[in-house]
Each structure stands twice: as C-alpha cells, then as structure tokens.
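Scroll down for the structure; my scribbles are underneath it.
The values are calculated or read from the model by the stated rules, or taken from the named source; none is laboratory data. What you see is a predicted model, and the numbers here were worked out from it, not measured in a lab. Every residue, glycine among them, receives a Cβ derived from its backbone with ideal geometry; neighbour counts consider all protein chains shown.
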Amino acid sequence: MKTAIVAHRPTAGGVTRFMLALLDHLAECTPEEEYVLFAHHALLTRESLTQRYAQTVNVEVVAISDAGLTDAPLPSRQGEPVERGVVWRAGRWLARRSRVTYRGGVGTLDFVRRRVTRTSRPWYLFEFPAETVAALNTCDMVYFPDYFYMEPAPITAPIVATIHDLNYKHFPANFPRDMIGVVERQSQFWFARLSTAVSSTHFIEDEVRMFYPLLTGRTVVVRLAPYSYGGSHEEGQRRLVDELGIPERYVLYPTQVAHHKNIAGLLRAMDILKSQGVRVPLVLTGYVTDLIASPLLPGDHAAALYEPAVALRQSSLVVGEDVFLMGYVSNEQVDALTLCAGLIVSPSLYEAGCGPAMDAWQFGVPVAISAIPAYVEQIEASGVQAWMFDPRDPQDIAATIKRAFDEPESTRAMVEASRVAIANYTWTDVARRYLGLFHAAADVSRRSRGE
C-alpha cells in the first residue's frame, strides 16, 4: 500500500517531532509498505529530511510549496512577522477596536495582495499546488499529522488525520480574529472528508465529538509514546547543552508562546523560588520564546507574548542568569536539553498530552506538570509518575518544583517507576495502531469503488 504523509507547514514544532517519530517507525516495522512524505520545502531543509530518509528504501521525500505564500512564518505577536514596525502595529490596534473595521481592513488588504500587487497571501492560507493534489490522489491513503491551515483541496483518496487539540475553542486569543474564521472553515471542510480522526487521549476525543458532532463514529484514540527514542545519556549531550550556554542544573519547559501554555504563571513561580533563595534557572525553548524580553508594542495586550513579557518585567528574574529564552531549537538540542535537565515542567492550562514529559519519563528525568484532565489521563494510562500542581496558582507551582528538588528520594522513586512503565508502550505500538487505521480506510475506499 502507498501512503502519503503531508507536512505542509514549514514550522510546526512538536507536530513535526510527532510526525517524524511516527514515520520512522512505520517505515521500520513495515518494510513492505511504501510511504511518500510530502514536506514543505522550508521544513525539508530545516529538518534535513532528504538526508534523514536517504537510506530508507520505502520512504520517498517530495518537496511541496505554494508560491503565493510567505515561506517561513515564524508566528510572533498575534501571528504577524516580527519585523512589523510600531506605526503599522498601532494602526492595527486601532482597527481592532471595531470588528467590522478590522475584518474590512483584512479583506481589503488580502484582495490588494492577491489581485493587485500579487504579493504573498497570509501563511495560514496554504493551498496545495495542482500537481501535489494529483500526486496525493495516486496514493491509497493520505495522512495529515496536522490539518491546521490547509485550504480545501479536491483530494479524493481516503484521509486519516490526527486532531492534537482544540485550543482555539478555549483560547481564541491565541489567534488573530480573522484566523479563527479560517480555522473553523478549514476544519469543517476536512472533518467532513476524514475517514478517521485520531486523538491521543479520551479527553480530546470527547471534545472533538462535542464540538464537531459530524465526526461521531469516526474517532479513535491512539496514545502517544515518547517522541525521542535515541537512548540514554551520551557524552555529547552535555556538550550540546554547554554550547547553548546553559548551566548544569536547570528546569526545562519546551513550549511555544500561546495563552494556554501559561508561561507567565511559571515565570511568577520561578520568581517566588528566587525570593526564597532557590536559584534554579528556567530554560524556555520553542517558537517566539526568545521574544519574551523584547519591547512591548501598541496592541500587545491582546497578544500571547504580553502576559509572559509583563510577568518577566515585574519579576526579579535576570535573562541569561535566572531564565534562558532560547526560541526554536533543533530536535537534537531539545533531546540534549531534556536529557540533562534537573526537572521537566509543564504548567499548561490545556493540552492533549505532554510530549516533553513522555521524553523525560523515558530518559529518567523528573517531571512536574499541571493537574489538568489530559495530563491526569496520560499518567493513569501509562502508569508513570510526576509531581503535580495547580497551574493557576504560582505559589503551588513554586512549592511543587521546590519539593521535587528537596525530596530527591521521592523524585528518584518516581523516575525509576516511570522509566519501567513507559517502556511498555513504544512508537512501534503507535505505528502499528496507525497502520491498522490506514489499511481500514483504504479498504473501505476500495469497496466503495467496487474494487
């Protein structure tokens, strides 16, 4: 069977790690299957995908792009490019005081870009080139590791997609106003065409059914395994961390700047710890985390950067000493930072599951995470252990982090129990579950065509 895997976004963070882990294990455990990875050309270059699969005989890598779109959208304040000036942002802030004015302005600007100046469309309006659609339709199955930001396309092959979460339903401020409408329109189109919608927890599956009843009867849960699977500590890992200028003992939060990630709450907790004489630096990695210390601009009160930026400015934390704002780093660097961390922390208010914690449990690194439904379900299903806290209470976050360091015997017991438990479910198990869904979707499609 020939399966297409679509990675249409040039910057996707954890989704890319998820997709690569899945594809690696699909190719490894089913050498008789054929896989074609359709990857955005910027992602292909950034992750060295051609080299990665050069020796994998059953994986073909095909570059895709849309010439009408900006190539490298590093989403910053409300999804706009970092280089926007103060005057432009002040004008946008004024426009946003009226939804009608703002939508009219956006529509006019988009029309001028597309019809008059012929310049780039917004990055979230990705359109498949006709030749890519034709190539996808020659495959037995098409898989979307991420369905966000894809304009409708006439793909006739059966489609399976993973719905990681629905954070736009709970945190619409993560998106510009015009983008919410785009996400809903695109979601409705693709959801109507899915053979199967996959979630990693029953919590997210229940949300999918609640918000999108049209998917009822077509949802499946496939739990996550650790994204990283390279083994234990190696000599080169500490060297990679040293090259980043990170001290020996630190707390790591691999994330991105978004309202539900609760970076502000964690910064306030770290400030509380510092006031108590606990000097353990915090390392933040992920898109736009390097901009938290940047000057605020008009209109930023609505942006995801605003709360962490204010929390940092109101604290006694010193950048480069108490907190390290790394921005986007490579998969290899994330693995090294995870392996060498004193504690992996995730204070998120809403998630489908905690990928960084999965890696930490496998590598034998302590974990402290929010007591939110998806995380609780993940812990119970996997049999792992973690320090847990109320993510909306910086005092509780700080006290829990302190306990993790002050009670080394309890922490070590958690680490060892988790390392054993997490080994019972691997990416091979995940890949085989997905493969079964792919075959089922392809079989139903063939029967409907009378083949």
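Could you give every pair whose Cβ atoms fall below 9 Å, whose first residue belongs to segment 46-68 and is assigned to a helix (DSSP H, G or I), and whose second residue is crowded, with 16+ Cβ neighbours inside 10 Å and among the acidic types (D, E), counting only separations of at least 6 or pairs across chains?
Partner pairs satisfying both residue conditions: R52/D24.
Condition first: in a loop (DSSP other than H, G, I, E, B) and modelled with pLDDT of 95 or more. Now tell me which residues in segment 245-276 satisfy that.
Y250, N262, Q276
Considering (1) more than 29 Å from A4 (Cα to Cα); (2) out of contact with any helix residue (DSSP H, G or I) (no Cβ under 8 Å at 6 or more places or on another chain); (3) of a type outside the set (V, I, T); (4) touching a residue at least 12 places away in the same chain (Cβ under 8 Å), say which one L437 fails and leave the rest.
(1)
Tell me, which residue of segment 119-151 that is aliphatic (A, V, I, L, M) and crowded, with 21+ Cβ neighbours inside 10 Å is modelled with the lowest pLDDT?
Ranking the qualifying residues of segment 119-151, first place goes to M150.
Which of the residues belonging to segment 1-56 are in contact with an Asp or Glu (Cβ under 7 Å, 6 or more places away or on another chain), charged (D, E, K, R) and surrounded by fewer than 21 Cβ atoms within 10 Å (Cβ to Cβ)?
Matches in segment 1-56: K2 only.
Do we find that I180 is among the hydrophobic types (A, V, I, L, M, F, W, C), in contact with a His (Cβ under 8 Å, 6 or more places away or on another chain) and part of a helix (DSSP H, G or I) in this structure?
Against the criterion (among the hydrophobic types (A, V, I, L, M, F, W, C), in contact with a His (Cβ under 8 Å, 6 or more places away or on another chain) and part of a helix (DSSP H, G or I)), I180 does not qualify.
Inspect all residues belonging to segment 223-235 and state whether any of them is polar (S, T, N, Q) and within 30 Å of F324 (Cβ to Cβ).
Yes, the conditions are met somewhere in segment 223-235.
Is it the case that some residue within segment 313-332 is among the hydroxyl-bearing types (S, T, Y) and modelled with pLDDT of 90 or more? Even if it seems obvious, please write down each step before you answer.
Residues of segment 313-332 among the hydroxyl-bearing types (S, T, Y): 315-316, 328, 330.
Filter once more, keeping what is modelled with pLDDT of 90 or more: 315-316.
So far as segment 313-332 goes, yes, one or more of its residues are among the hydroxyl-bearing types (S, T, Y) and modelled with pLDDT of 90 or more.
Cβ-Cβ under 6 Å, sequence separation 6+ or interchain: first residue in segment 325-341 and farther than 11 Å from R17 by Cβ and free of Cβ contacts under 8 Å to residues at least 40 places away in the same chain, partner of a type in the set (D, E, K, R) and surrounded by fewer than 19 Cβ atoms within 10 Å (Cβ to Cβ). Which pairs?
none
Filter segment 34-51 down to the residues that are modelled with pLDDT of 95 or more and in contact with a helix residue (DSSP H, G or I) (Cβ under 9 Å, 6 or more places away or on another chain) and list them by number.
Y35, V36, L37, F38
Any residue in segment 136-159 that's closer than 19 Å to L435 by Cα: show its pairings with residues that are assigned to a helix (DSSP H, G or I) and hydroxyl-bearing (S, T, Y) at Cβ separation under 6 Å, as long as the two are six or more apart or on different chains.
That search, which allows pairs on different chains as well, returns P158/S445.
Between a first residue in segment 179-202 that is closer than 15 Å to P213 by Cα and a second residue that is modelled with pLDDT of 95 or more and of a type in the set (S, T, N, Q), which pairs have beta carbons less than 6 Å apart while being 6 or more apart in sequence or on different chains?
A197/T219; V198/T162
Mind checking which residues of segment 416-451 are of a type in the set (A, V, I, L, M) and under 25 Å from the mean Cα position of the chain (by Cα)?
Within segment 416-451, A421, I422, A423, V430, A431, L435, L437 qualify.
Select, from Y425, Y375, the only residue that is closer than 26 Å to L23 by Cα, surrounded by fewer than 22 Cβ atoms within 10 Å (Cβ to Cβ) and not small (G, A, S).
Step by step, each of Y425, Y375 is checked, and only Y425 is closer than 26 Å to L23 by Cα, surrounded by fewer than 22 Cβ atoms within 10 Å (Cβ to Cβ) and not small (G, A, S).
Could you tell me whether R392 is of a type in the set (K, R), surrounded by fewer than 19 Cβ atoms within 10 Å (Cβ to Cβ) and within 26 Å of the chain's Cα centre (by Cα)?
Answer is yes for this residue.
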